[in-house]
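S.K.: To start, I am sharing the structure in question, which I have written as structure tokens.
The values are calculated or read from the model by the stated rules, or taken from the named source; none is laboratory data. What you are looking at is a predicted structure, and each value in this text was computed from that prediction instead of being measured. Quick reminder, even Gly has a Cβ in these numbers, built from the backbone with ideal geometry, and neighbours come from all protein chains shown.
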């Protein structure tokens, strides 16, 4: 009890922080999951889309401020940045690079996407330099909320409390609805399940792949764009993001949209508690969670066993 | 009319089909008999455009298929029920069957009409309709795969080893369904592969035997 009353507030703050962090990690992981499902290529450069989304959002936001436009525009600008990154980078990278390594040796796929990651990392430095870039207009715009916690209150930014988790929940619900209820969504699921059978049913798998890759890229960029008001962007952020979203996807099980949300929450909260209470464990906690889950359920928390044959 | 003329296919550098010629006339029922690894599945996959052919040509009603990508073969009216069913497990049975028709952008009333036709031919599917395909038994799944092939197979259906692994009672029901199919849709050709030549004799009009990628006549 003594420890809890002393650290209660910190605990609450860690939970709120973890929630906001999980929201942005979820966006990246769910994009990775979609792309892997359709292409069976583990895209190491996926984290770069997160970083580029973040930098682009900051640049657009700063341009809005410089042009003297109203500051509420900074919020839709985050979405615009994500869509822009998806549309500009997604199709050419899929067409010129990833399509060529589809169905090839995993080692080759890793090498090619790793090379792409290195190139994109340098492109970021070329465009945005190596100084930290921060942009917190959306954060200031919405102010703070006093979150009641026992007898105390925790002042927390409305952006992290509402906008981040809100957009993540919208993405989760929207994506689940899209994949289940629309023809395009079912076509993506069909290609994910069995590319050849889907092709024999008349589905143009190459087109579906490009569409999915573009969406996945935009989702990663959205994760970055949403994170930029809360974190300063520095070179290397793409690398730490991709590793973390690998952990989320592995913990959830491949192909699991809702599972990715739960495991992003688990890992986001775990990491956040570590940051507040045992900072030296911050880096390992996500992987400890992943290892613990995979030891008990090798197919991931929500991964389903193979379809029965007889 | 489906026609293969001197078709050769290599997989990973090894010849799997050699100079295969085969004709499935309109409304005809043709068996392709061969042991495992003889090239039956490869023949059907080549017809569906899922494998590049090294030599020879494939025509559908005289039209050369060389320039028709795999995802446009269904549009030619060819339904395909692959070996191992290959259903989409997270979809219901009905969603599985309707998908190829939706992909072809058939009008909803045409899809409903075809679906009704499939349920009339394969009445047991009506009961499974809302069930997830992943939960079906192997035999039930084969029925669904046949239904799915019929949704777009207005010209022909290619059935890859449908009797493989079926319990005798189910195999009988499946054979009866094929008989009903021929009476109900006499224009739809059936190309069916099997390893046991006796099983298909009463069902087909012509039989090809394939051995090590080469066709003889049985």
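S.K.: Applying the selection to the range B:59-111, what residues are part of a loop (DSSP other than H, G, I, E, B), without any contact (Cβ under 8 Å) to a residue 60 or more places away in the chain, at negative phi and surrounded by fewer than 21 Cβ atoms within 10 Å (Cβ to Cβ)?
M.R.: At the first step, the residues of the range B:59-111 found to be part of a loop (DSSP other than H, G, I, E, B) are B:61-62, B:65-69, B:73, B:77, B:82-91, B:104-107.
Then drop every residue that is not without any contact (Cβ under 8 Å) to a residue 60 or more places away in the chain, which leaves B:65-69, B:73, B:84, B:86, B:88-91, B:104-107.
Then keep just the ones that are at negative phi; that gives B:65-69, B:73, B:88-91, B:104, B:106-107.
Once the filter is applied, which keeps residues that are part of a loop (DSSP other than H, G, I, E, B), without any contact (Cβ under 8 Å) to a residue 60 or more places away in the chain, at negative phi and surrounded by fewer than 21 Cβ atoms within 10 Å (Cβ to Cβ), the range B:59-111 yields B:66, B:67, B:68, B:69, B:89, B:90, B:91, B:104, B:106, B:107.
S.K.: Suppose we filter B:34, B:39, B:79 for residues that are under 20 Å from residue B:211 (Cβ atoms) and in contact with a helix residue (DSSP H, G or I) (Cβ under 6 Å, 6 or more places away or on another chain); which single one remains?
M.R.: Every option except B:34 fails the conditions.
Residue-by-condition table, conditions (1) at pLDDT below 90; (2) touching a strand residue (DSSP E or B) at 6+ places or on another chain (Cβ under 7 Å):
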{"position": "A:148", "(1), (2)": "yes, no"}
{"position": "A:155", "(1), (2)": "yes, yes"}
{"position": "A:166", "(1), (2)": "no, no"}
{"position": "A:194", "(1), (2)": "no, no"}
{"position": "A:197", "(1), (2)": "no, no"}
{"position": "A:218", "(1), (2)": "no, no"}
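S.K.: Given A:211, A:222, which one is out of contact with any strand residue (DSSP E or B) (no Cβ under 8 Å at 6 or more places or on another chain), modelled with pLDDT of 95 or more and surrounded by fewer than 22 Cβ atoms within 10 Å (Cβ to Cβ)? Can you show your working first?
M.R.: Working: A:222 fails: surrounded by fewer than 22 Cβ atoms within 10 Å (Cβ to Cβ).
Selected residue: A:211, the only one of A:211, A:222 that is out of contact with any strand residue (DSSP E or B) (no Cβ under 8 Å at 6 or more places or on another chain), modelled with pLDDT of 95 or more and surrounded by fewer than 22 Cβ atoms within 10 Å (Cβ to Cβ).
S.K.: Out of all the residues in the range A:234-254, is one or more within 14 Å of chain B (Cβ to nearest Cβ), in a loop (DSSP other than H, G, I, E, B) and under 30 Å from residue B:158 (Cα atoms)?
M.R.: As a first pass, look at the range A:234-254 and keep what is within 14 Å of chain B (Cβ to nearest Cβ): A:253-254.
Filter once more, so that each one left must be in a loop (DSSP other than H, G, I, E, B): A:253-254.
With under 30 Å from residue B:158 (Cα atoms) added as a condition, the list becomes none.
No, there is no match, as no residue in the range A:234-254 is within 14 Å of chain B (Cβ to nearest Cβ), in a loop (DSSP other than H, G, I, E, B) and under 30 Å from residue B:158 (Cα atoms).
S.K.: Filtering the range B:115-138 down to residues that are buried (at least 21 other Cβ atoms within 10 Å of the Cβ) and within 14 Å of chain A (Cβ to nearest Cβ), which residue is nearest to residue A:205 (Cα to Cα)?
M.R.: Out of the qualifying residues, it is B:133.
S.K.: Which condition breaks for residue A:179 when tested against (1) under 25 Å from residue B:96 (Cβ atoms); (2) buried (at least 22 other Cβ atoms within 10 Å of the Cβ); (3) touching a residue at least 40 places away in the same chain (Cβ under 8 Å)?
M.R.: So the condition that residue A:179 fails would be (2).
S.K.: So which helices (runs of 4 or more DSSP H) are wholly in the range A:148-228 and hold at least 1 residues that are away from chain B (no Cβ under 14 Å)?
M.R.: Values: elements: A:164-181, A:183-193, A:195-200, A:205-227.
Where helices (runs of 4 or more DSSP H) fall fully within the range A:148-228 and carry at least 1 residues being away from chain B (no Cβ under 14 Å), they are A:164-181, A:205-227.
S.K.: So, one more: Hey, can you tell me all the residues within the range A:69-94 that are surrounded by 22 or more Cβ atoms within 10 Å (Cβ to Cβ) and either over 30 Å from residue A:109 (Cβ atoms) or within 18 Å of the chain's Cα centre (by Cα) (or both)?
M.R.: If the condition is that a residue be surrounded by 22 or more Cβ atoms within 10 Å (Cβ to Cβ) and either over 30 Å from residue A:109 (Cβ atoms) or within 18 Å of the chain's Cα centre (by Cα) (or both), then A:74, A:77, A:78, A:81, A:82, A:85, A:86, A:89, A:90 are the ones that fit.
S.K.: Here is a list of conditions, (1) within 13 Å of another protein chain (Cβ to nearest Cβ); (2) buried (at least 24 other Cβ atoms within 10 Å of the Cβ); (3) closer than 16 Å to residue B:191 by Cβ, and residue B:162 meets all of them except one; can you say which number that is?
M.R.: (1)
S.K.: Collect the residues in the range B:42-58 that are within 11 Å of another protein chain (Cβ to nearest Cβ) and either assigned to a loop (DSSP other than H, G, I, E, B) or touching a residue at least 40 places away in the same chain (Cβ under 8 Å) (or both), keeping them in residue-number order. Before the answer, list the steps.
M.R.: If we filter the range B:42-58 for residues that are within 11 Å of another protein chain (Cβ to nearest Cβ), which is where we start, we get B:44-45, B:47-51.
Passing the criteria: B:44, B:47, B:48, B:49, B:50, B:51.
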